[in-house]
Amino acid sequence: LSADYSQIELRIMAHVCADAGLTEAFRNGEDIHTTTAASVFGVGAAAVTKDMRRKAKEVNFGIMYGIGPFGLATRLGIPQGEAKEIIATYFERFPGVKEYITETIEAARRDGYVSTLIGRKRYFPDINSRNFPVRSNAERQAINMPIQGTAADMIKLAMIRIHSALLKKKLRAKMLLQVHDELVFEAPAAEMDTLGALVREAMEAAIPLSVPVVADLGVGNNWLEAH
């Protein structure tokens with residue numbers, strides 16, 4: 001059995017920045033990359049092309065890493081001016097994300113660290129460096145840490161709860177691997193329904209967010225089939 005968090009970092013970003021557009025999209029069960037593409041390129045969701053969605057996906061994940069026009073232009077293979085316009089439009093459509101970035105950098109400069117939702121801290125000694133590349137790198141990491149760090153916290157909390165549930169129910173199922181936002185289990189076929197239910201519950205309830213948390217499950221004779 002494979003259990004994979006669905007777009008968990010974007011969901012956490014929607015929660016921490018409290019942006020109305022992102023929050024509404026997740027609560028409505030929309031495809032977030034399509035929603036972003038429609039907003040950034042000024043078209044209806046039905047008119048979003050695969051190329052638009054691909055670009056929006058790069059923007060969605062790039063923003064969490066503090067990507068700038070040069071970085072986005074390099075990823076998408078477009079002129080830097082076009083990348084700058086895309087980022088500017090994104091921040092116009094989702095102002096809460098821009099506020100989160102600004103406030104997080106300010107907090108890191110003031111306190112020297114940033115925290116995940118459950119309070120785990122990471123310190124950034126270079127956040128006030130006079131060396132621009134060094135300082136910029138620390139800023140990008142500070143923007144990302146509360147999001148990616150919270151995702152890491154969530155799956156670890158889920159693993160602890162799942163381990164306890166497996167012992168309590170005396171299941172033969174074994175938790176084999178954690179790969180990024182995915183957990184992989186081995187179990188007898190007769191236990192799959194029970195295992196799937198407890199895994200989904202533990203993962204989706206690990207840290208409550210203001211948007212739905214979704215764990216996608218797959219079953220197969222091997223990891224490739226289940227993934």
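A few notes on this one:
- Computed with a 1.4 Å probe on the full set of protein chains, the accessible area for Asp4 sits at about 50 Å².
- Shape call, region 1-122: gyration tensor on alpha carbons, a/c limit 1.5: oblate
- For region 34-49, backbone phi angles converted through the Karplus equation (6.51, -1.76, 1.60; θ = phi - 60°) give residue-by-residue couplings of 5, 4, 5, 4, 4, 6, 6, 9, x, 10, x, 4, 5, 8, 6, 8 Hz, Gly and Pro being listed as x.
- In Hz, Karplus ³J(HN,Hα) per residue of region 77-93 (6.51, -1.76, 1.60; θ = phi - 60°; x = Gly, Pro): x, 10, x, 4, x, 5, 5, 4, 5, 4, 5, 4, 5, 4, 5, 5, 6
- Gyration tensor verdict on region 28-89 (Cα atoms; rounded if a/c is under 1.5, prolate if a/b is larger than b/c, oblate otherwise): prolate
- Taking 31 Å as the limit for the C-alpha separation, the pairs Lys98/Lys156; Lys121/Lys169; Lys57/Lys169; Lys50/Lys84; Lys57/Lys168 exceed it in the case of Lys121/Lys169; Lys57/Lys169; Lys57/Lys168.
- Annotation: amide H-H contacts under 5 Å for Tyr113 (H modelled 1.01 Å from N, sequence separation of 5 or more, or interchain): Phe124.
- C-alpha long axis of helix 8-17 to longest principal axis of the chain, angle in °: 50 degrees
- Among Met154, Met203, Met192: highest mean-square fluctuation, GNM of the chain, C-alpha pairs under 10 Å: Met192
- Couplings 3J(HN,Hα) for region 109-116, derived from phi with the Karplus relation 6.51 cos²θ - 1.76 cosθ + 1.60 (θ = phi - 60°), are 5, 6, 9, x, 8, 10, 10, 7 Hz, where x marks Gly and Pro.
- Among Arg109, Arg122, Arg172, residue whose mean-square fluctuation peaks in a GNM of the chain (springs only between Cα atoms under 10 Å): Arg172
- Accessible surface area normalised per residue over the chain is 52 Å², counting heavy atoms of protein chains with a 1.4 Å rolling probe.
- Fraction of accessible area attributable to carbon and sulfur, region 80-209 (%, probe 1.4 Å): 51 percent
- Candidates Leu217, Leu72, Leu177, ranked by Gaussian network fluctuation over the chain, Cα under 10 Å, top entry: Leu177
The values are calculated or read from the model by the stated rules, or taken from the named source; none is laboratory data. Just so you know, these numbers come straight off a predicted model, no measurement behind them. Calculation scope for accessible area: heavy atoms of the full protein, side chains included, ligands and nucleic acids excluded. Shrake-Rupley method; radii C 1.70, N 1.55, O 1.52, S 1.80 Å.
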